[in-house]
Amino acid sequence: MVADTEAVLKTTNLNVFYGYSLAVREVSLDIFKNKVVAFIGPSGCGKSTVLRCFNRMNDLIPNARIDGKITFKGSDIYADKVDPTDLRCRIGMVFQKPNPFPKSIYENIAFGARLNGFKGDMDELVEISLKKAVLWDEIKDQLMQSGLALSGGQQQRLCIARTIAVKPEVILMDEPCAALDPISTLKIEELIHELKQQYTIVIVTHNMQQALRVSDFTAFYNAEATNKKEKVGYLAEYDKTEVIFQAPTQETTKDYVSGRFG
Ligand SMILES: Nc1ncnc2c1ncn2[C@@H]1O[C@H](COP(=O)(O)OP(=O)(O)OP(=O)(O)O)[C@@H](O)[C@H]1O
Ligand SMILES: [Mg+2]
């Protein structure tokens, strides 16, 4: 597939297992710099599983194992010399449920930065990160209040600010709006538009309209039963978002994006 920017993440023949069970098979896809990629598809087809491989979050799940290859800017992210904690700073993650630390708004951002050895002007970092997450104007007078006292949408933007503060290159988002109301959701979508000037974003979403609104590329995952009767996820089709939604090559993609699935 052609894109006007380089591939930052390259996945080749990725298989992911939980114990003996193959969850997703033979995923090969490139993720391009400063683009937004949406992962869509029915529940259980492996979207979160693949997403978590990009910053080795699956390392934290006992029994999870991969084969195949993922490179980030040309280097194998599963090579022995890679420190997963460093990798997770460069490839940050935002989850479905906003999960601020039970600390002040200020500390939510300062904490991770300090852990990562940040020695610069912390006040400035907090301000810049909150501005980039389009939260600053709303909360600049209450920085010492608990992050948990914010609304769900504000908490999610705080989590995005916290991710940005450690200066990632890629941001992974697993259904970041699933717990949010429509207005907060639109704010996050606007934010994603802003962020892609500077970051590469992969977002999992069940919301087709959201995939259409925010993404440049869309990966449609599906699952099918094998002879062992277990469902195994796979990447069914990957293309520019307009192609996936208007002229997909697979019949199943067409059914899914038009809501005629299953
Ligand atoms: N921690 C785990 N341990 C064992 N199996 C798991 C684990 N996480 C996911 N799986 C299995 O892997 C497969 C893919 O799950 P995954 O969560 O990646 O799907 P998904 O596409 O993100 O689904 P959803 O849309 O519901 O979030 C499923 O069969 C699931 O049961
Ligand atoms: Mg998921």
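The values are calculated or read from the model by the stated rules, or taken from the named source; none is laboratory data. Bear in mind the structure is a predicted one, so any value in this text is a computation, not a measurement. Because the Cβ atoms are built from the backbone with ideal geometry, glycine has one as well, and the counts that use them run over all protein chains shown. All accessible areas refer to the heavy atoms of the entire protein, side chains included, with ligands and DNA or RNA removed. Shrake-Rupley method; radii C 1.70, N 1.55, O 1.52, S 1.80 Å.
Some notes on this structure:
- Applying the criterion of at least 3 residues that are under 28 Å from E138 (Cβ atoms) to the helices (runs of 4 or more DSSP H) found wholly in the range 181-256 leaves 182-195, 208-214.
- Criterion (crowded, with 21+ Cβ neighbours inside 10 Å and touching a residue at least 12 places away in the same chain (Cβ under 8 Å)) met by exactly one of M144, M122, M173, M208: M173
- Pairs where the first residue, in the range 233-262, is open to solvent by less than 80 Å² (accessible area, probe 1.4 Å) and the second is of a type in the set (F, W, Y) and part of a loop (DSSP other than H, G, I, E, B), C-beta under 9 Å, 6+ apart: T252/F261; D255/F261
- G46 passes every criterion in (1) within 30 Å of A3 (Cα to Cα); (2) open to solvent by 60 Å² or more (accessible area, probe 1.4 Å); (3) within 16 Å of ligand 2 (Cβ to nearest atom); (4) not hydrophobic (A, V, I, L, M, F, W, C) apart from (2).
- Qualifying residues in the range 221-232 (those that are more than 19 Å from N13 (Cβ to Cβ) and out of contact with any Asp or Glu (no Cβ under 8 Å at 6 or more places or on another chain)) - the one most open to solvent (accessible area, probe 1.4 Å): K229
- Selection count where residues are more than 16 Å from ligand 2 (Cβ to nearest atom) and surrounded by 18 or more Cβ atoms within 10 Å (Cβ to Cβ), scope the range 31-43: 5
- The residue that is least open to solvent (accessible area, probe 1.4 Å), among those in the range 86-107 that are outside any loop (DSSP other than H, G, I, E, B) and within 16 Å of ligand 1 (Cβ to nearest atom), is V94.
- Residue within the range 62-83 that is over 17 Å from the mean Cα position of the chain (by Cα), over 29 Å from Q154 (Cα atoms) and within 16 Å of ligand 2 (Cβ to nearest atom) present: yes
- Checking each residue in the range 125-141 for being open to solvent by 10 Å² or more (accessible area, probe 1.4 Å), modelled with pLDDT under 95 and assigned to a loop (DSSP other than H, G, I, E, B) picks out only V134.
- Of the residues F220, F245, the single one that is within 16 Å of ligand 2 (Cβ to nearest atom) and aromatic (F, W, Y) is F220.
- Set A110, A64: member being closer than 28 Å to L9 by Cβ, free of Cβ contacts under 8 Å to residues at least 60 places away in the same chain and open to solvent by less than 60 Å² (accessible area, probe 1.4 Å): A64
- Condition met for S21 (in contact with an Asp or Glu (Cβ under 8 Å, 6 or more places away or on another chain), at pLDDT below 95 and within 13 Å of ligand 1 (Cβ to nearest atom)): yes
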